[in-house]
Amino acid sequence: MMNNVAKRVVKTSGSGILALALLVLSSCGSKQATNTQNTVSEYPVMKLKAENLTTHINFPATIQGIQEIEIRPKIEGYIEKINVAEGASVKKGQLLFHIFNPSYQDAVETAEASLKSAEADLATAKLDLAKVQPLVESDIVSKYESESVKLTVDAQEAAVTQAKAALATARTNLSYTDVRSPYDGVIGSIPYRVGSLVSSSSTDALTTLAENKEMYAYFSMNEKDLMELARTLEGKSMQEKLAKIESAHLILSDGSTYQFPGKLEMASSIVDSETGSVRMKAAFPNEDGLLWSGASATVSLEKTYSGSLVIPQSATAELLNKVVVYTVDQDNKVKAKNVEVSATDDGKSYIVESGLSENEQIILEGFTGLSDGTEIKAKAAKLAEETSTPNSNNGI
């Protein structure tokens, strides 16, 4: 009987110890949970500061000669000789093609013969007048006959003048058999070969000629960029405003920057209703001959931003097609803000257009999962590389 009592005591004592242990563990767990809930995480933040920035706006462009024309024959005939190669540089007056058409040489010879005949008739008429003059003075021949001979001389002089004009026309037509370069430039493709029949009405030109001393880079600027450009520059007209831009730079297809700066001009004053853009051009010298008509390049324009805010792209998130930044107020509470930004071509920074102001603090990283009102511990961070002056490529 004593054994049964002892067993009950032991069991009761074991249950008490277990209950006590559970109470202690529960108490510790509650304290640990409370400590976990009271923990404030640390995040790197940056205080925004306005600064003046010089950026670059890039536009895809096509290079063309400042003057580019089609070379076409003025007469009909067969190409007898091609004196230039495709892509060759030529000088003004240089012979490009010779067109064979014997009728033009025949016309010159006929005109020369007609001129000689007219000159001979004029000489005869003058001799007749010289014979009549003494007879008129001696009253042997009437004045009527003298006047008649004078009129014949006048008629023969006119015939000589007409024959000279016909000869000049024939020689001009004959000169068209030699097709020469109207100015210095570069020859384009030549679709014809020796023996090809050509005329002024041929579908294809003999070739094209592009002046290469100076080249145009044509590009399109959207209406929004143009309006902002017009507002930021002084001048009574758009041409005057564009003249305020000191230089345009050209980035070639291999990524290198062309050494000679250019001047910006307007190629059209009409906004394309379909694309909402305006045709622009920048003129570049081509002293070293590196620019070729038809080549692709990028026109880069300088733009200065006054009092702008620059933030790292890594400090933003995209939510529902909007760019979001997480700010921290004076109480270290988080707030998400929608911002409008322009990307920079360094691939690291944004220029803030709206949504943030100077002296605000933004969280730089690790903000995933944060919600408005969350309290954090702000840790100042200095990102010299990411906040350096960028180059923009997203418009003015």
Problem set entry | Residue ranges of helices (runs of 4 or more DSSP H) in region 136-244 with at least 2 members out of contact with any strand residue (DSSP E or B) (no Cβ under 6 Å at 6 or more places or on another chain), modelled with pLDDT under 80 and of a type in the set (Ser, Thr, Tyr) | 143-175
Exercise. Would region 84-98 turn up any residue that is aromatic (Phe, Trp, Tyr), open to solvent by 50 Å² or more (accessible area, probe 1.4 Å) and modelled with pLDDT of 95 or more?
Worked result: no
Exercise. Is there a residue being within 30 Å of Phe260 (Cα to Cα) and modelled with pLDDT of 85 or more anywhere in region 350-363?
Worked result: yes
For this session: Take region 217-256 and flag every residue that is without any contact (Cβ under 8 Å) to a residue 24 or more places away in the chain and either under 30 Å from Asp288 (Cβ atoms) or in contact with a Gly (Cβ under 9 Å, 6 or more places away or on another chain) (or both).
Result: Lys241, Ala243, Lys244, Asp254, Gly255, Ser256
Exercise. So which residues in region 315-351 are in contact (Cβ under 8 Å) with a residue 60 or more places away in the chain, in a strand (DSSP E or B) and closer than 26 Å to Phe59 by Cα, if there are any at all?
Worked result: Thr344, Ile351
For this session: Would you confirm whether any residue within region 270-278 is of a type in the set (S, T, N, Q), within 19 Å of Thr54 (Cα to Cα), in contact with a strand residue (DSSP E or B) (Cβ under 7 Å, 6 or more places away or on another chain) and not in a loop (DSSP other than H, G, I, E, B)?
Result: no
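The values are calculated or read from the model by the stated rules, or taken from the named source; none is laboratory data. In this text the structure is predicted, and so the values were computed from the model without any measurement. In this analysis, Cβ positions are derived from the backbone assuming ideal geometry, glycine residues included, and neighbour counts consider all displayed protein chains. Each accessible area value is taken on the protein alone, full model and side chains, heavy atoms only, with ligands, DNA and RNA left out. Shrake-Rupley method; radii C 1.70, N 1.55, O 1.52, S 1.80 Å.
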